[in-house]
1. Any aspartates and glutamates with Cα under 18 Å of the Lys72 Cα? List them, leaving off those in the same chain fewer than 8 positions away.
2. Between Leu145, Leu16, Leu70, where does the largest GNM mean-square fluctuation fall for the chain, given springs only between Cα atoms within less than 10 Å?
3. For the chain, with the dipole built from +1 on Lys and Arg beta-carbon atoms and -1 on Asp and Glu ones, taken about the Cα centre, which of Pro90, Ser109, Ser78 lies farthest toward the positive end?
4. Quick one: how many Å² of Val31 are accessible to a 1.4 Å probe, rounded to 10?
5. Starting from the Kirkwood Rh over alpha-carbon pairs, what translational D in µm² s⁻¹ does the chain have by Stokes-Einstein at 20 °C and 1.002 mPa s?
6. For Lys55, list the lysines whose Cα falls under 24 Å from its own Cα; do not include residues on the same chain fewer than 8 positions away.
7. At R0 = 35 Å, how high is the FRET efficiency between Asp132 and Ile161 if r is their beta carbon distance? Nearest 0.05 is fine.
8. Would you calculate the volume per residue, in Å³, of the smallest convex hull containing every Cα atom of the range 1-73?
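The values are calculated or read from the model by the stated rules, or taken from the named source; none is laboratory data. Given the structure is predicted, the values throughout are model-derived calculations rather than measurements. All Cβ positions, glycine included, derive from the backbone under ideal geometry; neighbour counts span all protein chains shown. Just so you know, the surface numbers come from the protein's heavy atoms only, side chains and all, with ligands and any DNA or RNA stripped out. Shrake-Rupley method; radii C 1.70, N 1.55, O 1.52, S 1.80 Å.
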Amino acid sequence: GHPLPQRDGNSDKLWLDSLEVVRESMPKYLVMANHWSGKLEGDRERLAKAIAELKPFVEHIVLLNQPPILPKEVNRASFRAGLRPPFREPMDVQGKRRAANDYLLGFQSPGVSVVDIASYFETEDGDIRVTDERGQLLYQDATHLSGHGAERIRAVLKEAISLP
């Protein structure tokens with residue numbers, strides 16, 4: 001299902017179930033991470049609707065921006081076969097992702113924070129950081145962080161959820 005509501009009211013079960021959990025638990029913080037460039041394509045207003053529907057039940061929403069997307073040929077099997085960095089995000093994919101990340105910034109407000117995690121996975125030269133300093137993979141697959149990738153952003157996430 002789609003994790004964001006539809007504007008016409010015909011939202012997927014995933015969104016409806018998620019909203020119900022938030023209504024029941026009324027969390028202080030809600031962290032939202034997503035493949036924003038894909039999920040917002042065609043209807044960016046879905047995120048605005050989601051935030052509006054969530055705000056009555058959450059003190060603070062934290063939006064994590066989208067890290068770079070690995071090229072299709074970069075995966076665990078290719079690493080075992082000897083493929084090594086540097087890796088670059090395809091320009092069209094990068095453009096869509098950066099546009100989605102820029103769009104997220106428009107939601108920054110007293111009840112909504114936007115946290116930049118993308119920069120933790122990009123070098124100054126624009127390459128994608130695929131491994132950490134110990135050689136551990138930072139990605140589970142092309143669009144999902146591994147446990148080591150999540151560890152890389154732990155401090156910035158802890159800071160985001162300790163706002164006054």
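1. Output for Lys72: Glu89, Asp92, Glu122, Asp127, Asp141.
2. Sorting by GNM fluctuation, first place goes to Leu16.
3. Towards the positive end, the residue furthest out is Ser78.
4. Probe radius 1.4 Å; accessible area of Val31 about 60 Å².
5. So the translational diffusion coefficient is about 126 µm²/s.
6. Leaving aside lysines fewer than 8 places away in the same chain, those within reach of Lys55 are Lys13, Lys28, Lys39, Lys158.
7. Here the calculated transfer efficiency is 0.95.
8. Expressed per residue, the convex hull around the Cα atoms of the range 1-73 is 103 Å³.
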